[in-house]
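Heads up: the structure comes next, in structure tokens.
The values are calculated or read from the model by the stated rules, or taken from the named source; none is laboratory data. Bear in mind the structure is a predicted one, so any value in this text is a computation, not a measurement. Cβ coordinates were reconstructed from backbone atoms using ideal geometry, including for glycine residues, and neighbour counts include every protein chain displayed.
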Amino acid sequence: MYPSKRSLLLPIALITVGVGWLLSTLGVIPTVNWVWTLGLAAVGFVTFVLGGIDKATVVIGPFFILAACLSVLRQTGRLAVDVEVPILVIAAGVLMLVARSAAIPVPAWVVSKPPE
């Protein structure tokens, strides 16, 4: 029996956090809270992996991935928090408008089946 690809997620996440942490500690890269930042990105990616592409995941996934990217910029001093938050608010609105597209399916958990 072959191990599931899902079982790779935790070890790869731990390795990534550890490498980022070590590089930050050694001063190779700017100090960033890698657990927080990669946690945000993971939520975004896992949303697509578990939910596929639908009206909910099209909003949630990219929002968390953008939040992770902006978090790195803020933590490295390239972006102020008073700029980061409005960008996230605008992005949430844009993503909600995109989710209204008829081409994007409604999540399966929203569609109710008629009683038998």
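Details
- Residue 21 vs. criteria within 13 Å of the chain's Cα centre (by Cα) and free of Cβ contacts under 8 Å to residues at least 40 places away in the same chain: no
- Candidates 97, 70, filtered to the one that is part of a helix (DSSP H, G or I) and in contact with an Asp or Glu (Cβ under 9 Å, 6 or more places away or on another chain): 70
- Residues in the range 1-44 that are surrounded by 15 or more Cβ atoms within 10 Å (Cβ to Cβ) and aromatic (Phe, Trp, Tyr) were compared, and the one that is farthest from residue 84 (Cα to Cα) is 21.
- Note on the range 54-80: residues that are surrounded by fewer than 13 Cβ atoms within 10 Å (Cβ to Cβ) and either at pLDDT 95 or above or aromatic (Phe, Trp, Tyr) (or both) amount to 1.
- Lone unmet requirement of (1) touching a helix residue (DSSP H, G or I) at 6+ places or on another chain (Cβ under 9 Å); (2) over 15 Å from residue 92 (Cα atoms) for residue 15: (1)
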